[in-house]
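J.: One structure, as structure tokens, below. Some questions next.
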Amino acid sequence: MHERLFLRLDGDPLYAPETTVPAGTMREFTVPAALRGQVAHLITYNERFPVGAVVRGHLSGLSVTLRPGASLALFRVPAHELAEQVVDWDELVGAGHRGLCDRLHGSDRDTERARMLCATLQTMTSDVDSEERRKADRAATLLRADGDLPSVGTVAASVGVGERRLQQIFRSQFGLSPGAWRRLARVQRCLRLLRQRGGARWPELALTAGFYDQAHLVNEFRALCGLTPGQFLQRFGSGFSKTA
């Protein structure tokens, strides 16, 4: 049996998983109030794979989506040092919190596993620079707001910092640059519009979502999703309109 504890930095998925998730495979738990400033979602998954599948046997574990700034509050590590990395839990946490994966593996109840993880995360939470986090959250909101997306310099001025300082704050809190955040915001806005409208008139959609033109939309989609918008709809269109 494969056992995993998967922590993900906050951000909606750009597109659905490539395979359909069987009913009953995943279960979402309510995040305790004391952790809601750090954790966005907590999901357990439990799946058995058929003979011949790429992954064999039984795969189970916990998936935790962290909010921006949570890597500093929980692990005392800036987000950019964890972005796109696979890090062993025991290498990431202090001595008092090691061995969690073994304890989770020792329980066969999802409810108990979720409780153990939440209790551990609550004891790990520490105070961080709340002013810096507020500025990062405000800047992120401005960069993904509906309408014309402002320049990074304009956003920096709006939150009272220089553009270089905003770059540093974003790397520390979100693990990426303001420009990358703005690119993701455009693509996610496009996905929201596709859900709402249920159809694709690409030139109109591109302009409404904040792209220069349809070619800009296609290039950004391909760069960030690995697919053109048309390929995306062909692959995920049947269930995409139901995706939250």
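The values are calculated or read from the model by the stated rules, or taken from the named source; none is laboratory data. Every value quoted in this text rests on a predicted model; they were computed, and no experiment measured them. Neighbour counts are summed over all protein chains in view; Cβ atoms, including those assigned to glycine, are modelled from backbone coordinates with ideal geometry. Protein only, heavy atoms only, side chains kept; ligands, DNA and RNA dropped before computing areas. Shrake-Rupley method; radii C 1.70, N 1.55, O 1.52, S 1.80 Å.
J.: Just to be sure I understand the model, the point goes 7 Å from the Cα along the line to the Cβ. What's the resulting Gln231 to Glu81 distance in nm?
T.: That separation, rounded to one decimal, is 3.6 nm.
J.: Continuing with this model, one more query. Which whole-Hz couplings ³J(HN,Hα) result when phi for each residue of segment 26-32 is put into the Karplus expression 6.51 cos²θ - 1.76 cosθ + 1.60, θ = phi - 60°, listed in order with x for Gly and Pro?
T.: Each residue of segment 26-32 in turn: 10, 9, 9, 10, 5, 6, x Hz.
J.: Take the Cα of Tyr212, step 7 Å along the line toward its Cβ, and report every residue of segment 105-147 whose backbone nitrogen sits under 19 Å from that point.
T.: none
J.: Tell me, what % of the accessible area of segment 58-162 is carbon and sulfur with a 1.4 angstrom probe?
T.: Percent of accessible area from carbon and sulfur atoms in segment 58-162: 46.
J.: Mind running the shape call on segment 128-213? Use the C-alpha gyration tensor, a ≥ b ≥ c as the square roots of the eigenvalues: rounded below 1.5 for a/c, prolate if a/b tops b/c, oblate otherwise.
T.: Prolate shape, in that a/c is at least 1.5 and a/b is the bigger ratio.
J.: Output ³J(HN,Hα) for segment 216-232: one whole-Hz value per residue in order, computed from phi by the Karplus curve 6.51 cos²θ - 1.76 cosθ + 1.60 with θ = phi - 60°, and x for Gly and Pro.
T.: 4, 4, 4, 5, 5, 4, 5, 5, 9, 10, x, 9, 6, x, x, 5, 4
J.: Further, regarding this structure: Give me the distance in nm between label points sitting 7 Å out from Cα along the Cα-to-Cβ direction at Arg201 and His97, one decimal.
T.: 5.0 nm
J.: Under the 0.36 nm per residue contour assumption, what length would be gained going from the current alpha-carbon distance of Arg138 and Thr111 to full extension?
T.: 6.2 nm
J.: Additional query: Return the long-range amide H neighbours of Ala40 (sequence gap of 5 or more, or a different chain), with a cut-off of under 5 Å between placed amide H atoms.
T.: Excluding prolines and chain starts, which carry no amide H, the hits are Thr65, Leu66, Arg67.
J.: Full extension from Ser158 to Trp89: what is 0.36 nm times the residue separation minus their Cα-Cα distance, to one decimal in nm?
T.: Stretched out fully, the Ser158 to Trp89 stretch lengthens by 21.1 nm.
J.: Going by the alpha-carbon gyration tensor, a ≥ b ≥ c the square roots of its eigenvalues, is segment 94-244 rounded (a/c under 1.5) or, if a/c is not under 1.5, prolate (a/b greater than b/c) versus oblate?
T.: oblate
J.: Continuing with this model, one more query. Compute the distance from the alpha-carbon center of segment 139-162 to that of segment 87-127, in whole Å.
T.: 36 Å
J.: Per-residue HN-Hα couplings for segment 104-112, Karplus 6.51 cos²θ - 1.76 cosθ + 1.60 at θ = phi - 60°, whole Hz, x for Gly and Pro?
T.: Each residue of segment 104-112 in turn: 5, 5, x, 10, 10, 10, 4, 4, 5 Hz.
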